[in-house]
1. Does THR163 meet the test of being polar (S, T, N, Q), closer than 24 Å to ASP55 by Cβ and part of a strand (DSSP E or B)?
2. What are the residues in segment 89-106 that are closer than 13 Å to ARG160 by Cα and not in a loop (DSSP other than H, G, I, E, B), if any?
3. For a quick check of your reading: which strands (runs of 3 or more DSSP E) sit entirely within segment 33-88 and have at least 1 residues that are more than 13 Å from the chain's Cα centre (by Cα)?
4. Name the pairs whose Cβ atoms lie under 8 Å apart, with the first residue in segment 35-46 and without any contact (Cβ under 8 Å) to a residue 40 or more places away in the chain, the second part of a loop (DSSP other than H, G, I, E, B) and not acidic (Asp, Glu), and 6 or more positions between them or separate chains?
5. Consider segment 25-39. How many of its residues are farther than 18 Å from ILE50 by Cβ and surrounded by fewer than 15 Cβ atoms within 10 Å (Cβ to Cβ)?
6. What is the one condition in (1) open to solvent by 20 Å² or more (accessible area, probe 1.4 Å); (2) within 23 Å of SER58 (Cβ to Cβ); (3) under 13 Å from the mean Cα position of the chain (by Cα) that VAL158 does not satisfy?
7. For the list (1) of a type in the set (D, E, K, R); (2) modelled with pLDDT of 90 or more; (3) out of contact with any Leu (no Cβ under 6 Å at 6 or more places or on another chain); (4) open to solvent by less than 60 Å² (accessible area, probe 1.4 Å), I need the number of the one condition that ARG86 fails.
8. Can you name the number of the only condition in (1) open to solvent by 20 Å² or more (accessible area, probe 1.4 Å); (2) in contact with a Leu (Cβ under 8 Å, 6 or more places away or on another chain); (3) over 20 Å from SER72 (Cα atoms) that ASN141 fails?
Amino acid sequence: MAVTINGSAGVTTNSGAVYDSLQRGTALTAVTNFTTSADFTSIPSWVRRITIMFDGVSLSGTDSFLIQIGDSGGLETTGYNGGGARFGASSIGGVTFTTGFGFNNTTAACLFSGSVVLTNVTGNTWAASGTLGGSATEFSNILGGSKTLSAQLDRVSVTRTGTNTFDAGTINIIYE
């Protein structure tokens, strides 16, 4: 498919459709907009990269953060390949995640900031990579993985591994 970049006017495909090259979702604030998951739906079919941004996001306990992706059939909760690692001043720990792309959290009320990038590899297969820094005990988290959906991606959710609630911060996405 041929595309033409038109500066601020967006991208024009050979079918004549025009898309802005970068779109931002609506920022969701913990407690005000969500307590159990931040859900972004109706993601357009032409999207090939999604960046999920975290600003001071916190859970009420030590559940890990999970990013799940889905299609018109709903969020997919199994079959993720990959894991995450936590690097602290005095400790290093890793964990494998199969129910989402995950970040390990070992400190309640820690404020996490950073981003995760989801990239369409081919067809319905998506790869994830990201880094979040935490406000407690000087540490960082990294993640990586992949997931093949049963249909075209149209939703992303940031949730947690257990029953903790989100108690601070803002999450948003940009996509292109």
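1. Values: polar (S, T, N, Q): yes; closer than 24 Å to ASP55 by Cβ: yes; part of a strand (DSSP E or B): no.
Criteria not met by THR163.
2. Selection gives PHE101, GLY102, PHE103.
3. Here the list reads 49-59, 65-71, 81-87.
4. TRP46/ALA17
5. Number satisfying all stated conditions: 5.
6. (1)
7. The number of the failed condition is (2).
8. Checking ASN141 against (1) open to solvent by 20 Å² or more (accessible area, probe 1.4 Å); (2) in contact with a Leu (Cβ under 8 Å, 6 or more places away or on another chain); (3) over 20 Å from SER72 (Cα atoms), the one that fails is (1).
The values are calculated or read from the model by the stated rules, or taken from the named source; none is laboratory data. Remember, it's a predicted structure, so these values are computed and weren't measured experimentally. Note: ideal-geometry Cβ built from the backbone for every residue, glycine included; neighbour counts use all protein chains shown. All accessible areas refer to the heavy atoms of the entire protein, side chains included, with ligands and DNA or RNA removed. Shrake-Rupley method; radii C 1.70, N 1.55, O 1.52, S 1.80 Å.
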